[in-house]
Amino acid sequence: MSKRSLLKNDWVVMALFTVAVLSMPIWLAPIGAAYPDLLQKFAIFGIFAIGYNILFGLTGYLSFGHAVFLGVGSYTAVWSFKLLTMNVLPAVLFAMVVGGLFAVVIGYLSLRRSGIYFSILTLAFAQMSYNMAYSVLTPITNGETGLQLTKTDPRMIDAMFVAPGEGLPSTNLFGMSMSGYSGFYFCAVLLIIGFFISLRIFRSPFGLKLLAIKSNQNRMLYTGFNTKPYLLTAFVISGVYAGLAGALMAVTDPLAGAERMQWTASGEVVLMTILGGVGTLIGPLLGVGIIKYFENIFSALNTNTLHQTFSFLPDWLEDIVVAISSHFVGDGWHLTLGVLFMVIVIFLPGGVMEGFQRIAALARRLSRPQQEKAIQTSEQE
Amino acid sequence: MGNIVLSIKDVNKTFGGLHALGDINLDIEEGKTHAIIGPNGAGKSTLLNVCIGRLEPDSGTVEFEGKNMIGLKPYEINHAGMVRVFQTPEIFPDLNVLENVMIPALAKQEGVFRFNAFTSLAGRRDIEEQARHVLEDLGLGGQIHDHAGSMSRGDKRRLELAMGLVQHPRLLLLDEPTAGMSRHDTNRTIDLLKKIKERGMTKIIIEHDMHVVFSLADRISVLAQGRIIAQGTPDEIRGNPKVQEAYLGGAEL
């Protein structure tokens, strides 16, 4: 009981979360995931999934177009690098604003419907944006090549202070380069802030009202709440998170391409959220961790590494095992992910978090008889 | 006669060729319990839906405390002070019992929309107290942390009543509050509604169970085939031959 009430304290949760995130380079090292590139991805997609969970987890509205805001955030950030400064702060702020504005428009139109129709509308808007980025919007998006930095960019604010040097400048935070570990820590700090805001929303009256809309929207109307502005607010908040995530992608690697807006990218965040546990605080982050880990680790394995791994087996068995398992690594890592996803959705509809809850419940059930026995004996005395 | 809270004038409603409501005139007095009875298909639920803004009448007016209610959104009608308790329990099945009652308490305090994402729900002791108080009144005090969706049907109806009462409505509309309840639960609900009556809350009750109607109602309107065929005190209705004809085919009430 005391352990549970301790976890109900926001500051305890935040302290644990902060330590866990900042020490990721240490505790992820044994599983080979502690290199900056992957750590940055964990943090960036973590922000994306946390924001998405505020919409999908609390209101139940399944958006299939959230990659739009990711792409928009990236483009905005790169334009900020090109026109203003290589400092990442303005880029991040602009991306959040522009992501939010896009979310207001798309959300306002899509939220006129609910259920599957809402999902289809968001998907349609996303594919529309994706195709426009490749066609009519080429002057802004640079089409298939993607938007990149060039030496001829004006960079008006930077130009006032320093003369342009040789080669392309790199992104920085007041002079601190945003590549490698410093880039990860910048993303990590924003992830911690993002998680804190999400925690506050989950435990606020606003969060409870969103859950009530998910549970019975019609009843909400007769209870005296206009549900539309609630849904739109949740949609825009998640759009701002996605814009931020998109900006951070550009911060760690300053280019933006339209493929970031494709439906597969929207689908990925849905997968992450469901895999980890919809509507739980930590679940989406677990989903991000699992999917990004698989993507980076399993896709890097090849037949040679498999032969090494299974070299303890007799030769004929080794060949069979490698022949089968090779379909699940390298380019075939999606197959592994697909199998994992099916297993989890079928056996644990609440995602990995439900698995944890079941284990905790089992542990409680196993320990309770002993406690009760102890109480009975003490009563007899 | 006391203050008229709700005034329904010349309301008509047709569905296709069916005349669901014809020239309904009804005044609800403040502090009174007004029962609407009638055989199945008489138009009772249609009338209630017109009052609550779920259906728009073809003609006629519905005025609540002097304000026109027709065309208003459900949440606007709620904030005007008219609250409906549904026939099939409409609750938030995924929330717990306490949260179910906190939501309407929040609605009463906050209006149709308030963005309060950065205040803590646990810090809203006032709202929680209100909800607990009502739940204890209705005998649900022992189950406030239960999952609302897995309660018994009778408990769900009591929960919904709590959700209505926590808003202190000026007018409470009850759609068959005891339908499907055991005799024991029915009597309990009657006692409860009597208690509310003592506090002077105006109510409209739609009910099949004559035992409930005659224990609670100050006035009764009898609907048959979309028209009000009789209105009066319980005693007047009991002795009205027209009512006996329409309602029970001539049998004694």
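Only the coordinates and a few stated rules stand behind these numbers; no lab work does. As the structure is a computational prediction, the values presented were derived from the model and not from experiment. Methodologically, a virtual Cβ is constructed for each residue, glycine included, from the backbone with ideal geometry; neighbour enumeration extends over all protein chains shown.
Under 16 Å Cα-Cα from B:K195, which lysines qualify once same-chain neighbours fewer than 8 residues away are excluded? The reachable lysines, counting only those whose Cα sits under 16 Å from B:K195, are B:K32, B:K203. Computed from label points 7 Å out along Cα-Cβ, the spacing between B:H184 and A:E166 is 9.2 nm. Axis of helix B:153-165 versus longest Cα principal axis of chain B: the two differ by about 80°, to the nearest ten degrees.
How high is the FRET efficiency between A:M128 and A:V97 when r is their beta carbon distance and R₀ equals 30 Å, given to the nearest 0.05?
Details: r = 21 Å, r/R0 = 0.72.
Computed FRET efficiency for A:M128 and A:V97: 0.90.
Can you give the FRET efficiency to the nearest 0.05 for B:K197 and A:V339, using r as the Cβ-Cβ distance and R₀ = 56 Å?
Details: r = 63 Å, r/R0 = 1.12.
Efficiency, from the Cβ-Cβ distance: 0.35.
Calculate how steeply helix B:125-137 sits against the longest principal axis of the alpha-carbon atoms of chain B, using the helix alpha-carbon long axis, and give the answer as 0 to 90 degrees to the nearest 10. Tilt of helix B:125-137: around 50 degrees.
Can you show me the helix-derived [θ] at 222 nm for the protein assembly as shown, built from DSSP H runs with n ≥ 4 at -39,500 (n - 2.57) apiece and divided by the number of residues, rounded to the nearest 500. It lands at -18500 deg cm²/dmol. Annotation for B:H208 and A:I346: the two label points, set 7 Å from Cα along the Cα-Cβ direction, are 4.5 nm apart. Which of B:L192, B:N116, B:P169 sits closest to the plus end of the dipole of chain B, meaning its Cα is farthest towards the positive end, when Lys and Arg get +1 and Asp and Glu get -1 on the C-beta? Value: B:N116. The Cα atoms of chain B give a gyration tensor whose axes a ≥ b ≥ c have a/c of 1.5 or more with a/b greater than b/c, which makes the shape prolate.
Residues of the stretch A:292-312 falling in the label zone of A:V321, defined by backbone nitrogen less than 13 Å from a point 7 Å along Cα to beta-carbon, are A:306-312. When each of the peptides B:47-59, B:120-132, A:354-366 is scored by how many other beta carbons lie within 10 Å of its residues on average, the order from highest to lowest is B:47-59, B:120-132, A:354-366.
Volume per residue, Å³, of the convex hull around the alpha-carbon atoms of chain A? Walk me through the numbers before you get to the answer.
Working: hull volume 76.1 nm³, N = 381.
Cα convex hull per residue, to the nearest whole number: 200 Å³.
Computed extension gain for B:D146 through B:E65, at 0.36 nm per residue and net of the alpha carbon distance, reaches 25.4 nm. Think of each Lys and Arg Cβ as +1 and each Asp and Glu Cβ as -1; about the Cα centre, that makes the dipole of chain A roughly 1660 debye. In this simple spin-label approximation, A:V19 and A:I359 carry label points 7 Å from Cα along the Cα→Cβ vector, and these lie 1.9 nm apart. In this calculation the C-beta distance from A:M176 to B:L18 is compared with R0 = 60 Å, giving a FRET efficiency of 0.20.
Distance check, please: which entries in B:K9/B:K67; B:K44/B:K67; B:K67/B:K108 exceed 21 angstrom between their Cα atoms? B:K44/B:K67, as the Cα separations exceed 21 Å there. Across the stretch A:230-335, Cα pairs under 8 Å and at least six residues apart give a relative contact order of 16 percent. Taking the longest Cα principal axis of chain B as reference, the axis of helix B:97-110 is set at about 80 degrees. Per residue of peptide A:190-202, the mean number of Cβ atoms on other chains within 10 Å of the residue Cβ is 1. Rg and Dmax of the stretch B:100-195, based on Cα coordinates, read 14.3, 47 Å.
Over the stretch A:35-263, what is the mean sequence separation of C-alpha contacts under 8 Å (at least six apart), divided by residue count, expressed as relative contact order in percent?
47
Annotation: aspartates and glutamates with alpha-carbon distance below 20 angstrom to B:K73 (same-chain offsets under eight excluded): B:E56, B:D58, B:E63, B:E65, B:E90, B:E110, B:D175. Shown for chain A: lysine pairs separated by 8 or more places, or found on different chains, whose C-alpha atoms are under 16 Å apart, numbering 4.
Structural descriptor for the stretch B:90-168: relative contact order 54 percent, calculated from alpha carbon pairs under 8 angstrom and at least 6 residues apart.
Peptide A:209-215 is shielded by partner chain Cβ atoms: per residue, an average of 6 of them sit within 10 Å of its Cβ.
Assuming charge only on the beta carbon of Lys and Arg (+1) and of Asp and Glu (-1), the dipole of the stretch A:213-327 about its Cα centre is about 920 debye to the nearest 20. Lys and Arg at +1, Asp and Glu at -1: add these up for the other residues within a Cβ distance under 10 Å of B:K44 and post the number. Once positives and negatives cancel, what remains is -3.
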